[in-house]
Amino acid sequence: MAMQAGRWRLFVAQMGLVSEWPSYDWPPARGLDVPTVDRRRAVLSRLGFEPVPGGRWEWCEDSADPDDDRTTVILIAAVDVRPIGGGS
């Protein structure tokens with residue numbers, strides 16, 4: 001999940017022969033409202049995924065130019081997921 005240009009996007013990064021990652025864009029945020037864990041879980045479910053048992057969201061920040069402290073920060077959150085039903 002990432003925040004950029006005033007919009008949160010949740011996506012499921014998949015390796016291999018996947019042409020497009022499943023994703024969902026929340027409407028533009030009022031302020032920097034972060035979607036709650038419950039809302040993130042609901043979106044993951046609609047996309048066919050669930051957090052792995054014991055999975056916890058981890059946060060980091062990035063920017064378009066990490067060498068320039070004046071560039072806008074991009075907030076990124078991640079959690080390990082699996083297809084609903086326990087497959088890998």
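The values are calculated or read from the model by the stated rules, or taken from the named source; none is laboratory data. Keep in mind that this is a model prediction, so the values were computed, not measured. Using ideal geometry, Cβ is built from the backbone for each residue, glycine included, and neighbour counts are taken over all protein chains shown. Heavy atoms of the whole protein, side chains included, go into the accessibility calculation; ligands, DNA and RNA do not. Shrake-Rupley method; radii C 1.70, N 1.55, O 1.52, S 1.80 Å.
A compact table of results
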item: Exposure rank, largest accessible area first [Asp68, Asp25, Asp38; 1.4 Å]; result: Asp38, Asp25, Asp68
item: Förster-model FRET efficiency, 25 Å R0, Ala64 and Arg41, C-beta, rounded to 0.05; result: 0.25
item: The chain: C-alpha gyration tensor shape, a/c 1.5 cut-off, then a/b vs b/c; result: prolate
item: Surface accessible to a 1.4 Å probe, per residue, for the residues of the chain, Å²; result: 73 Å²
item: Nearest-ten-degree value, helix 37-46 long axis tilted from longest Cα axis of the chain; result: 60 degrees
item: Computed [θ] at 222 nm, helices only, for the chain once each DSSP H run of length n ≥ 4 contributes -39500 (n - 2.57); result: -3500 deg cm²/dmol
item: Cβ-placed point charges (K, R +1; D, E -1), dipole of the chain about Cα centre in debye, nearest 20; result: 560 debye
item: Whole-percent carbon and sulfur share, accessible surface of the chain, 1.4 Å; result: 51 percent
item: Interchain or long-range residues, amide H under 5 Å from Gln4's placed H; result: Arg9
item: Cα centre as origin, Lys/Arg/Asp/Glu Cβ charges: region 49-88 dipole, Debye; result: 380 debye
item: Thr72, Thr36, reordered so the largest accessible area comes first (probe 1.4 Å); result: Thr72, Thr36
item: Length-normalised contact order for the chain - Cα pairs under 8 Å, 6+ apart - percent; result: 27 percent
